[in-house]
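Everything on this sheet refers to the single structure shown next.
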Amino acid sequence: MTEAPSPVQKRHRPALIALVVVAAGACLALAWWQWGRFESSSGTFQNLGYALQWPAFAIAVVYAYRRFVLMEADPDAIVEESARRGPTEIPEGVLPDRPRADDPHIALIKAESDDELADYNRYLTELNDRRDDA
């Protein structure tokens, strides 16, 4: 008698669920606080922007948890999905071309000797030698 393959057991992680609930609740509480600040006499449109952003962060936390659970339940689906999508390439012309050595638009760096720099380096060498002798 052969055993039927066991279905993938769902793992419940109370600590992770609690973290998601607390994080989403904190984001919504911050949104409510920012909305109150916006409605106050000293409120600005920056407060309104934050009041609209915090719920999006709460949604992102819940989405990330859900995605994590799905990826953990079926790891083979991740491999299949990435293989189906294939590598993504940057379209031609989006990035600037890399400079080449034979490009006439690149300025040549002239390696001329700088007498002041050479004198300064000699001076520093003398100071270093004096410190070593002392």
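The values are calculated or read from the model by the stated rules, or taken from the named source; none is laboratory data. Predicted, not measured: the structure shown is a model, and the values here were computed from it. Backbone-built Cβ (ideal geometry, glycine too); neighbour counts: all protein chains shown.
Below are the figures for this structure:
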| read-out | value |
| --- | --- |
| Qualifying residues in region 60-74 (those that are surrounded by fewer than 13 Cβ atoms within 10 Å (Cβ to Cβ) and hydrophobic (A, V, I, L, M, F, W, C)) - the one nearest to the chain's Cα centre (by Cα) | ALA64 |
| The one condition in (1) modelled with pLDDT of 95 or more; (2) assigned to a loop (DSSP other than H, G, I, E, B); (3) of a type outside the set (Ser, Thr, Tyr) that ARG98 fails to fulfil | (1) |
| Residue that is surrounded by the fewest Cβ atoms within 10 Å (Cβ to Cβ), among those in region 75-95 that are part of a helix (DSSP H, G or I) and aliphatic (A, V, I, L, M) | ALA83 |
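Yes/no per residue for (1) part of a helix (DSSP H, G or I); (2) modelled with pLDDT under 95; (3) among the aliphatic types (A, V, I, L, M):
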site	(1), (2), (3)
SER42	no, yes, no
GLN53	yes, no, no
ALA58	yes, no, yes
TYR63	yes, no, no
MET71	yes, yes, yes
